[in-house]
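Structure, as structure tokens:
Read-outs: derived from the displayed coordinates by stated rules, not from any lab. In this text, all values refer to a predicted model and were calculated from it rather than measured experimentally. Glycine gets a Cβ as well: all are built from the backbone with ideal geometry, and neighbour counts include every protein chain shown.
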Amino acid sequence: MKAVILAAGKGTRMRELTNELPKPMLRVQGRPILEHIVAGLVGAGVHEIFMVTGFRAEVIERHFADGAKWGARIAFGRQIVLDGTGKAAEPAKDFIGSSPFLLTYGDILVRPETYARMIQRFRGGDLSGVITVTRGEDVTKGGVNLFDKEFCLTRLIEKPSQAQIEQLRQEGWLRDDDPVWYNAGIYLFTPSLFGFIAKLEKSPRGEYELTDAVSAWVAAGHRLGGLEIEGRWVDVRDPEVLARLERES
């Protein structure tokens, strides 16, 4: 098992905090967000990690070096053109080889045991991967996930409008007594996903969307098991979230 961390963005919503630092290097409880993620991955037995860098890449690369300090082997690749999440993992393709891999955005914090639970879910069933979800978030700002009775993904809709959500309710996809599952942004994939990433076309937003590749992958017959995040899930999206995390320390 390997891991890919997407850490190429600047994080413009952080305003002046990311003038010199990429967002994943902002500190939470005394250490960079990325260090929390790496520690969780290593704790789950994942010691080979690839970081996709971009804005101020040298800051991340200099800090982590070869990863030995964290008990890992860390390699880097740069996303030169920031044109969406869909192509962001491609620099890691050769590093991944034939191994299944965890994929996480570099600004999402969860309990460390989440990664081990994902691996357990993957190995416990006939699955091509795992998608994590959480409840209680505004799916119009992320993505809504729909599952079958075995909690395997059937549909994934990126940033649905309120009209789309209402249509899903009318069609019976969403029911008032069931959770609305928000895409939590941490995945486990087998390398066959890269074939679908290679075929991506830009979305109406003008970006390559990872969720489009995932949807095509599922439509082709790959089973993607769902896993609800237990405990903390934080998208460190803006200074207010960062300040709240510091108050909680």
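Couple of notes before you dig in:
- Options LEU82, GLY206, THR154, ranked by Cα towards positive dipole end of the chain, top entry (Cβ charges): LEU82
- Overall form of region 121-210 per C-alpha gyration tensor (a/c, 1.5; a/b vs b/c): oblate
- DSSP beta bridges confined to the chain are antiparallel in about 50 percent of cases.
- A straight line joining the Cα centroids of region 150-198 and region 102-149 runs 11 Å.
- Peptides 33-43, 171-181, ordered by how many other C-beta atoms sit within 10 Å of their residues on average, highest first, read 33-43, 171-181.
- For Rg and Dmax of the Cα atoms in Å, the value computed from the atomic coordinates appears in the list (1) 17.4, 53; (2) 24.9, 88; (3) 17.2, 60 under label (1).
- Placing unit charges on each Cβ (+1 for Lys and Arg, -1 for Asp and Glu) gives the chain a dipole about its Cα centre, and among GLY129, GLY43, GLN167 the Cα reaching farthest toward its positive end belongs to GLY43.
- For the chain, the dipole from Cβ point charges (+1 on Lys and Arg, -1 on Asp and Glu) about the Cα centre works out to 480 debye, to the nearest 20.
- Table column - 3J(HN,Hα) (Hz), region 126-132, Karplus curve with 6.51, -1.76, 1.60, x for Gly and Pro: 7, 10, 8, x, 9, 10, 8
- Tensor-based shape of region 59-105 (alpha-carbon gyration tensor, a/c under 1.5 rounded, otherwise prolate or oblate): oblate
- In region 101-143, trypsin sites (Lys or Arg not before Pro) in a DSSP loop with at most 12 other beta-carbon atoms within 10 Å: none
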